[in-house]
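Asker: Take a look at the following structure, please.
The values are calculated or read from the model by the stated rules, or taken from the named source; none is laboratory data. Only a predicted model underlies this, so the values are computations on that prediction, with no experimental measurement involved. Neighbour counts are summed over all protein chains in view; Cβ atoms, including those assigned to glycine, are modelled from backbone coordinates with ideal geometry.
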Amino acid sequence: MKKFPCTPVGTDFINTARHVYKAEVIIKASPSRIFDYLEDAHSWTVWADPIERVEWTSAKPFGIGTTRTVYMQGGMVGWETFIAWDRGRHMAFCFTDMSRNMAEKFAEDYKVIDMGDGRCHVTWTMAIEPKGASRFILPLFGPLMGMMNRRWFKKFGALVEQDKLVTQTDDCEATAA
């Protein structure tokens with residue numbers, strides 16, 4: 001599969017990008033439990049509709065420099081490197097490559113704030129610097145993208161609150177986490 005390089009960014013890109021989409025939810029769960037879902041490859045396919053498969057390409061424990069590959073609808077693939085990791089509080093990644101030449105820079109940032117009452121305020125921010133034809137298309141579809149991101153993040157909150165995460169053990173038996 002052909003890879004088109006993206007310019008790696010730091011977390012500051014989230015605050016300086018021209019195209020930024022933010023979604024926020026209040027989730028009845030601990031910060032640790034929220035991260036259990038963010039670390040679970042299958043969970044992404046449940047709440048983020050475009051995602052078909054997530055493959056962590058680094059071993060746990062995850063941290064800055066961790067990598068993963070995300071397979072999306074339409075044959076799009078994103079190769080990611082994590083640029084922030086503070087389990088229970090903050091994680092962020094940027095694309096290092098894409099299977100389509102659509103973005104010069106792309107990053108997502110997830111922040112979890114413990115409200116102290118069994119709930120957390122969780123913020124998801126997506127930042128994009130498009131290239132090629134995407135420079136003209138993204139501004140037209142930006143409002144729709146923001147709306148869809150907010151919808152998907154509500155699904156994430158509902159998924160965590162259902163608390164039915166299933167993990168695979170080394171002997172491939174499914175167990176409740």
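Asker: For residue 141, work out the one condition from (1) surrounded by fewer than 13 Cβ atoms within 10 Å (Cβ to Cβ); (2) touching a residue at least 60 places away in the same chain (Cβ under 8 Å) it doesn't fulfil.
Answerer: (2)
Asker: When you scan the range 150-166, how many residues do you find that are surrounded by 14 or more Cβ atoms within 10 Å (Cβ to Cβ) and modelled with pLDDT under 95?
Answerer: Total meeting the criteria: 1.
Asker: When you check residue 121 against the structure, is it closer than 20 Å to residue 22 by Cα and either within 15 Å of the chain's Cα centre (by Cα) or of a type in the set (A, V, I, L, M) (or both), yes or no? Steps first, answer last, please.
Answerer: Numbers: closer than 20 Å to residue 22 by Cα: yes; either within 15 Å of the chain's Cα centre (by Cα) or of a type in the set (A, V, I, L, M) (or both): no.
Spelling it out, it is not the case that residue 121 is closer than 20 Å to residue 22 by Cα and either within 15 Å of the chain's Cα centre (by Cα) or of a type in the set (A, V, I, L, M) (or both).
Asker: Only residues that are over 21 Å from residue 162 (Cα atoms) and either in contact (Cβ under 8 Å) with a residue 24 or more places away in the chain or assigned to a helix (DSSP H, G or I) (or both): list them for the range 10-49, please. Even if it seems obvious, please write down each step before you answer.
Answerer: Pass one, the range 10-49, residues over 21 Å from residue 162 (Cα atoms): 10-22.
10, 11, 13, 14, 15, 16, 17, 18, 19, 20, 21, 22, listed by residue number.
Asker: Something else: What's the total number of residues in the range 27-67 that are surrounded by 13 or more Cβ atoms within 10 Å (Cβ to Cβ), more than 16 Å from the chain's Cα centre (by Cα) and hydrophobic (A, V, I, L, M, F, W, C)?
Answerer: Going through the range 27-67 one residue at a time, the tally reaches 2.
Asker: Something else about it: So which residues in the range 106-138 are touching a Pro at 6+ places or on another chain (Cβ under 7 Å) and β-branched (Val, Ile, Thr)?
Answerer: Here is the first cut: in the range 106-138, the residues touching a Pro at 6+ places or on another chain (Cβ under 7 Å) are 112, 114, 120, 138.
Selection gives 112 alone.
Asker: Follow-up. Could you tell me which of the residues 64, 137, 83 is more than 16 Å from residue 5 (Cα to Cα) and in a strand (DSSP E or B)? Write out each step before concluding.
Answerer: Numbers: 64 fails: in a strand (DSSP E or B); 137 fails: in a strand (DSSP E or B).
Exactly one residue qualifies, and that residue is 83.
Asker: Also, I was wondering about something else. Pick from 34, 14, 26: which is among the β-branched types (Val, Ile, Thr) and in contact with a Ser or Thr (Cβ under 6 Å, 6 or more places away or on another chain)? Step through it out loud before you land on a result.
Answerer: Numbers: 34 fails: in contact with a Ser or Thr (Cβ under 6 Å, 6 or more places away or on another chain); 26 fails: in contact with a Ser or Thr (Cβ under 6 Å, 6 or more places away or on another chain).
Criteria check complete, one pass: 14.
Asker: One residue is enough: does the range 74-96 have a residue meeting the conditions within 14 Å of residue 25 (Cβ to Cβ), in contact with a Phe, Trp or Tyr (Cβ under 9 Å, 6 or more places away or on another chain) and buried (at least 18 other Cβ atoms within 10 Å of the Cβ)? Break it down stepwise before answering.
Answerer: Here is the first cut: in the range 74-96, the residues within 14 Å of residue 25 (Cβ to Cβ) are none.
Scanning the range 74-96 turns up no residue that is within 14 Å of residue 25 (Cβ to Cβ), in contact with a Phe, Trp or Tyr (Cβ under 9 Å, 6 or more places away or on another chain) and buried (at least 18 other Cβ atoms within 10 Å of the Cβ).
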